[in-house]
Amino acid sequence: MNNEVLYILLPDYAAHEAVYLSQAIASDEQSLKKCPTYVNKVVAPTMDPVKSIGGFRTVPDYSLDTIPDEYAALVLIGGFGWSTAIADKVVPIVNKAMKDGKIIGAICNAVSFMAKHSFLNNIRHTGNGLEQLKLWGKKNYTNATMYVHKQAVNDKNIVTANGSATLEFARELLLLLENDTPERIEMYYQFNRQGFCTLFPD
């Protein structure tokens, strides 16, 4: 279905990096949406449950071999799996997504994976620091001049973010997806950024 947002989770993924985006897609301030614009789906290396860094196990909807051709966005959630051999199976998936003009999000080590495979060489981007991108990317990363030291960067339908930018990552992707009005997306961002007590003082 072309309204599915696909989250690629590799072993030892960073669960918190998917929370704000997936929650905003599935629910609003009242409850779970009855008719959400998008549906969250998990992609893992196989159909076996994939374990997060914290030990949670998530049952995937698709494997890397059964990922559908049609979807709304591809989201690469960070974690330690991006430095392992299994991440190589994601390369053709990202290649196709970029050729098809899909919305793509990458956060934390997933951005470094993007650098390693030359996916950042024509876009403005950020990540876990320029030095890490150079370390992972080596000769395949040739775009240090377009690195931006910000929490999250959106360029050409590709959102990149560092590992502390879960909220900013969500905001940029929600805006690209037009999941809600810009004003309501900003409200969601500020509520979680500043906290209830700051926005609603006693």
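Okay, here's what the table says:
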item: Test result for residue 52, in contact with a strand residue (DSSP E or B) (Cβ under 9 Å, 6 or more places away or on another chain), small (Gly, Ala, Ser) and closer than 22 Å to residue 164 by Cα; result: yes
item: Selection from segment 91-111 of residues that are over 16 Å from residue 176 (Cβ atoms) and surrounded by fewer than 24 Cβ atoms within 10 Å (Cβ to Cβ); result: 91, 92, 93, 94, 95, 96, 99
item: Residues that are touching a Gly at 6+ places or on another chain (Cβ under 8 Å) and among the polar types (S, T, N, Q), drawn from segment 11-36; result: none
item: Residue count, segment 71-92 (criterion: part of a helix (DSSP H, G or I) and either in contact with a Phe, Trp or Tyr (Cβ under 9 Å, 6 or more places away or on another chain) or among the acidic types (Asp, Glu) (or both)); result: 8
item: Verdict on residue 170 being within 22 Å of residue 93 (Cβ to Cβ), surrounded by 23 or more Cβ atoms within 10 Å (Cβ to Cβ) and out of contact with any Pro (no Cβ under 8 Å at 6 or more places or on another chain); result: yes
item: Exclusive hit being surrounded by 22 or more Cβ atoms within 10 Å (Cβ to Cβ), modelled with pLDDT of 95 or more and polar (S, T, N, Q), set 66, 126; result: 126
item: Residues (of a type outside the set (Gly, Ala, Ser) and assigned to a helix (DSSP H, G or I)) located in segment 19-38; result: 19, 20, 21, 23, 25
item: Pairs with Cβ under 7 Å, 6+ apart, first in segment 99-128 and within 22 Å of residue 5 (Cβ to Cβ), second crowded, with 23+ Cβ neighbours inside 10 Å and among the acidic types (Asp, Glu); result: 107/17; 108/17
item: Flag for residue 1 being modelled with pLDDT under 95 and part of a loop (DSSP other than H, G, I, E, B); result: yes
item: Yes/no for residue 44 being aliphatic (A, V, I, L, M) and surrounded by 19 or more Cβ atoms within 10 Å (Cβ to Cβ); result: yes
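The values are calculated or read from the model by the stated rules, or taken from the named source; none is laboratory data. All values reported here derive from a predicted model rather than from experimental measurement. For neighbour counting, all protein chains shown are included, and Cβ atoms are generated from backbone atoms with ideal geometry for every residue, glycine included.
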